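The values are calculated or read from the model by the stated rules, or taken from the named source; none is laboratory data. Not measured: the values here are computed from a predicted model. Reconstructed Cβ throughout: ideal geometry from the backbone, glycine too, with neighbour counts over all protein chains shown.
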Amino acid sequence: VLYASLGTVFDARPALLRTFATALAPLGGTVVVSTGHTEPADLGPLPANVLARRSVPQLQVLDRAALFVTHGGMNSVNEAMRAGVPTLVVPQGADQPMVARRVVELGAGLALRTDDATAETVQALARSLLDEPRFREAAAAQGAAQRQAGGARRAAD
């Protein structure tokens, strides 16, 4: 599964979501695009292996994902790292550029400015994330660190 979502806070531009879908579709498998406030039909016709829905169970999708294209919201990135999924972060605003930089620093993914997000560029970066084991290894290491930290139980103590 290749998964793309720009979260639920920012209104995603249909053209950007369509770019993700068309860039990821040739890479194989099922592409899941969560459109948030955007109607899936607004993306227009999509390749047969693309499933576009307003909402998906993100944790369950990430458990099966090989790649996550995300806006870089803190929650989304934490969930991706916990699942050991490399990310392509395309920040939309707020703290997301900072989160994108940190993902890159950790080696768990790559970042791309929205203005530079063409289908060709997204596909090339996605291919790197899928083909180079170091990204998945770094994401998995972050997931292990999260689990070892103790979570809510430790925070409450």
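Overview of results
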{"quantity": "Selection within region 135-157 - under 16 Å from residue 107 (Cβ atoms) and over 17 Å from the mean Cα position of the chain (by Cα)", "calculated": "141, 144, 145, 146"}
{"quantity": "Check on residue 56, touching a residue at least 60 places away in the same chain (Cβ under 8 Å), in a loop (DSSP other than H, G, I, E, B) and more than 12 Å from the chain's Cα centre (by Cα)", "calculated": "no"}
{"quantity": "Some residue of region 96-117 being basic (Lys, Arg), over 22 Å from residue 30 (Cβ atoms) and assigned to a helix (DSSP H, G or I)", "calculated": "yes"}
{"quantity": "Residues located in region 52-101, provided they are hydroxyl-bearing (Ser, Thr, Tyr) and surrounded by fewer than 22 Cβ atoms within 10 Å (Cβ to Cβ)", "calculated": "55"}
{"quantity": "Cβ-Cβ under 9 Å pairs, at least 6 apart or on other chains, region 112-135 side free of Cβ contacts under 8 Å to residues at least 40 places away in the same chain and small (Gly, Ala, Ser), far side surrounded by 15 or more Cβ atoms within 10 Å (Cβ to Cβ) and assigned to a helix (DSSP H, G or I)", "calculated": "124/23; 128/135"}
{"quantity": "Looking only at region 116-152, and only at residues there that are farther than 16 Å from residue 66 by Cα and at pLDDT 95 or above, the one that is surrounded by the most Cβ atoms within 10 Å (Cβ to Cβ)", "calculated": "117"}
